[in-house]
Amino acid sequence: MQVKQYPTELVKENSSSFRKDILHHIGMMEHAIQAGTTHNDSLFMGKLGLSLYHYSCFEYTGSEEHIEKGRLYLDEVFLRFNESGSSLLNPSLSTGLAGFMSLLNFLSKKQYIYQDLQEFEEIDKFLLKQALHQADHDFNDYLHGSFGVLNYFLDRLPDPAIQLHAECLLEAILKNVIHAKDGCWIRNYIISKEETSEMNLSLSHGQTGFILVLLKAFEQGLLFDKMHDTIRSMVGLVLKQTMTTDPENNRHSIFPNTVHEATHEKTYNNRLAWCYGDLNQAFMLYKVGSAFGIQQYIEIADLIGACSLDRLDAASTMCVDAQFCHGAAGIAAMYQSLFAVSGRSFYEKAAIAWIQKTMHFLEEGKLNLDFNEKELSLLDGYPAVSLVLLDAVYPNKGDWKEFLLIN
């Protein structure tokens, strides 16, 4: 890979006028969120996400009004749940019960609510049963499959009963790990089982996200030796997939999206985002390098991150709107998290640049060009965009990014 000298200046430092501009956009988004309605209960699409949004706004601003609103959304979900009218009928983190339980655990740990999670023992058993079935059929997705459930179980530790669930699910996942010449990987699919022949490298649906969740298990001492060896092998295989960049011919990404198991053919585009792209691998390498004490991983992450900094247009990033999932706010959040884990100042400056681009997209009415009616979705609408902007004003006060594996 070609590496340029690390930039020392990217954008002007934060100023009072810039801060005022950010707060103005936050206020506009808050107004839009308050004016909207949703009948969806889920974490990434509906009321649970809005509850997380408001509790997180409280962490940033200290406004008690947000606590009240967060609790109101949570109460609405509980009411529908108790009346058997809930849409949370699947084990998914994004749209189902893993998201519901993850939020309850998150809020309980922070003492925003007082909820005995052992009262939900039957839901935990249901989640384990469903996740074991998913792992057995290679549906290991973080957002929708077994890894979302595993992440919830890991966040519940050190609860002894939940630890047994986590270890049981880990064993089931590891049983089906694919061992290739250059390392190992975990199958997944999003829509069709045919996708299981493709090694997906992303944070949202693939190896990078899986490694980050397995790293949480390693750091908590679960199946310690197996976790260590599996993570090292998975990272090694991901690093084998690097490609030569050629900016003059509009080839900017270092990593492909997927690699075919048999033909080794790579699917490629210039996506730079939270969901896919080189920032995924840079963040993962910083985290693993720090946990394992492997300086080489950190140095490679530095190189990957530095190579991304001059990718600021649609051609080199595929970024055309403000949304979190694969828009400007998600890129800003990635740079915020990269700065937090590495301390590299060029990431802080890159985050400011992408905050500016996020606001420009909002001013142009470009929240989400893929979907017209997802304004209240955490991933695709205003809530996460607003939280990213709040993080620029009040750094390191919110913990909501842990739901997106970039804390």
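Among the aliphatic types (A, V, I, L, M), at negative phi and assigned to a helix (DSSP H, G or I): does that describe Leu272?
Spelling it out, it is not the case that Leu272 is among the aliphatic types (A, V, I, L, M), at negative phi and assigned to a helix (DSSP H, G or I).
Residue by residue through segment 100-143, note down the ones that are farther than 24 Å from Asp399 by Cα, touching a helix residue (DSSP H, G or I) at 6+ places or on another chain (Cβ under 9 Å) and among the basic types (Lys, Arg).
Lys125
Residue-wise test of (1) modelled with pLDDT under 95; (2) within 29 Å of Gly398 (Cα to Cα); (3) in contact with a helix residue (DSSP H, G or I) (Cβ under 8 Å, 6 or more places away or on another chain).
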| position | (1), (2), (3) |
| --- | --- |
| His228 | no, no, yes |
| Gln241 | no, no, no |
| Asp246 | yes, no, no |
| Ala262 | yes, no, yes |
| Arg271 | no, yes, yes |
| Cys275 | no, yes, yes |
| Phe292 | no, yes, yes |
| Arg311 | no, yes, yes |
| Gln336 | no, yes, yes |
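Which residue, of Asn105, Asn188, is under 24 Å from the mean Cα position of the chain (by Cα) and more than 28 Å from Tyr268 (Cα to Cα)?
Answer to the check: Asn105.
Tally time: how many residues in segment 361-407 are aromatic (Phe, Trp, Tyr) and either in contact with a Pro (Cβ under 8 Å, 6 or more places away or on another chain) or assigned to a helix (DSSP H, G or I) (or both)?
Residues flagged as aromatic (Phe, Trp, Tyr) and either in contact with a Pro (Cβ under 8 Å, 6 or more places away or on another chain) or assigned to a helix (DSSP H, G or I) (or both) within segment 361-407 amount to 4.
Considering only residues that are open to solvent by less than 10 Å² (accessible area, probe 1.4 Å) and either touching a His at 6+ places or on another chain (Cβ under 7 Å) or among the small types (Gly, Ala, Ser) (or both), look in segment 190-218 and name the one that is farthest from Phe292 (Cα to Cα).
The selected residue is Ser204.
Being open to solvent by less than 20 Å² (accessible area, probe 1.4 Å), in a helix (DSSP H, G or I), in contact with a Lys or Arg (Cβ under 7 Å, 6 or more places away or on another chain) and not charged (D, E, K, R) narrows it down to one of Leu127, Leu154, so name that one.
Among Leu127, Leu154, only Leu154 is open to solvent by less than 20 Å² (accessible area, probe 1.4 Å), in a helix (DSSP H, G or I), in contact with a Lys or Arg (Cβ under 7 Å, 6 or more places away or on another chain) and not charged (D, E, K, R).
Return the total of residues in segment 106-122 being within 17 Å of Asp41 (Cβ to Cβ) and either surrounded by 18 or more Cβ atoms within 10 Å (Cβ to Cβ) or polar (S, T, N, Q) (or both).
So the answer is 3.
Which of (1) among the β-branched types (Val, Ile, Thr); (2) more than 27 Å from Asn368 (Cα to Cα); (3) open to solvent by less than 10 Å² (accessible area, probe 1.4 Å) is the odd one out, the single condition Ile294 does not satisfy?
(3)
Return a yes/no flag: does segment 79-87 have any residue that is in contact (Cβ under 8 Å) with a residue 12 or more places away in the chain, in a helix (DSSP H, G or I), of a type outside the set (Asp, Glu) and crowded, with 20+ Cβ neighbours inside 10 Å.
The answer is no; no qualifying residue exists.
The values are calculated or read from the model by the stated rules, or taken from the named source; none is laboratory data. Nothing here was measured: the structure is a model prediction, and the numbers come from that model. Don't worry about glycine lacking a Cβ; one is built from the backbone with ideal geometry, like all the others, and counts go over all protein chains shown. The area values use the complete protein model at the heavy-atom level, side chains included, leaving out ligands, DNA and RNA. Shrake-Rupley method; radii C 1.70, N 1.55, O 1.52, S 1.80 Å.
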